[in-house]
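The values are calculated or read from the model by the stated rules, or taken from the named source; none is laboratory data. Small disclaimer: the values here were computed from a predicted structure and weren't measured. Backbone-built Cβ (ideal geometry, glycine too); neighbour counts: all protein chains shown. To get the accessible areas, we keep the full protein, side chains included, count just its heavy atoms, and leave off ligands, DNA and RNA. Shrake-Rupley method; radii C 1.70, N 1.55, O 1.52, S 1.80 Å.
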Amino acid sequence: MSSDIIVSPPYYDSIAAAQGDQEKSPPLEQDIPQLSSGSVTAGYRSAKYSPAEWFSNYQTILEQAGTNHHKAQNIKQKSRTLSQDTEAAALKTQAEGTRLLGERLQEIHYWKSELQRHIEHLQADTESLLMLKKRLERSLDSTETPYAIATDNLTCRARRLGAELVRDIVEEELVKEVDLIRSIQALLEKTAAQIVAQIKRNREAQQTLEMDWSDKCQAYSFDDGSGRHSNMSPDTQQHPSSATMQEQVSTPSSWTQFTQDNLSKAMQEEQATNNLRMLVEQMLQDITDDLRVQCTRVDRAFSLRCEDLIEAKTQLEMKLVQTLEQIGSQERNIEALQQAIHNKEAPLRVAQSRLYLRSLRPNMELCRDQPQL
């Protein structure tokens, strides 16, 4: 038999090592047995533990087993408590996330409704501006007829002859009407350009709102689907990278401010559209009134001028009758004078004959006497 000393193996706490316990129990002291007095013997005798040593080692193993059992019970209790706490925390966090998702859905729905309302307002404003633009175009076309009439009147009056080519009140009012119509046409064209520019701005604002509304609809769909997920949902799966912070992520304040800025821009365009619509309505009313007033002035000027011409024509006709009467009287006077001249031919011949015969008197008898004179 070998004479080596038999020692107990070192103690190793397998439960503590499996649980990752940082507290490591110190190894048991290895009792180095002492050689008995009869260790050096012959035959089957060898160095062995004594019963006391065996019992001591047995008691140590039992104590260590009890300690390990107590630790295992503590670990089991802590694990159960930790599991319950984490489960409760997970349920609480999940419920809180569901509640927050619900509030987020309400907020998204509110802003989405606001965006939808202003989109409809902008669309209605754009349609009203398109109708207003057509009214302006019809108004611009309707000014061509009075403009042609006024210019034709001026052209016809320019062909007057002599003293009739006068710059009277009619011509002045016609020139004013032409200038007024030209200014109205320029104003209508400028206003139509403003309406086109406002329509463009309305459509740009509407497009911005529609893009924001579309993004919110998509976000609402995602959040609504997220809120419907539960621990029993079959379509959930693990996404390890979902908690990674993404780049260019907005904050709640910047998210709200973005939508508020879009709505503020839309409301500005709505107010500008309303102001422009009121301005155009008032402008069309003023243009109509101005054209009517100027037309009335031209008609009044024509009426006064026609009255003056009728009065002058009447007086001229009266003078013409008087002149014709005078011409007839003078013609009759001329005939009487011609008859009187004819009647004086015989006395003229007598006088001439007498003068001729008296011129034949001789010598001193040819006297310039009283009969001769």
TODO: Output the number of residues of region 131-173 satisfying the condition of being open to solvent by less than 70 Å² (accessible area, probe 1.4 Å), part of a helix (DSSP H, G or I) and not small (G, A, S).
DONE: 14
TODO: Only one of these is more than 28 Å from the chain's Cα centre (by Cα) and open to solvent by less than 70 Å² (accessible area, probe 1.4 Å): T126, T98. Name it.
DONE: T98
Task: Any hit, region 340-359, residues being within 60 Å of the chain's Cα centre (by Cα) and surrounded by 10 or more Cβ atoms within 10 Å (Cβ to Cβ) - done: no
Task: V321, sole failed condition from (1) of a type in the set (V, I, T); (2) within 25 Å of A150 (Cα to Cα); (3) surrounded by fewer than 13 Cβ atoms within 10 Å (Cβ to Cβ) - done: (2)
TODO: Find all pairs meeting these conditions: Cβ atoms under 8 angstrom apart; at least six residues apart or on different chains; first residue within region 92-112 and over 14 Å from Q218 (Cα atoms); second residue open to solvent by less than 90 Å² (accessible area, probe 1.4 Å) and assigned to a helix (DSSP H, G or I).
DONE: T98/G227; L101/D223; L101/S226; L101/G227; G102/G227
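Take K176 and tell me if it is free of Cβ contacts under 8 Å to residues at least 60 places away in the same chain and in a helix (DSSP H, G or I).
Details: free of Cβ contacts under 8 Å to residues at least 60 places away in the same chain: no; in a helix (DSSP H, G or I): yes.
So K176 fails the test.
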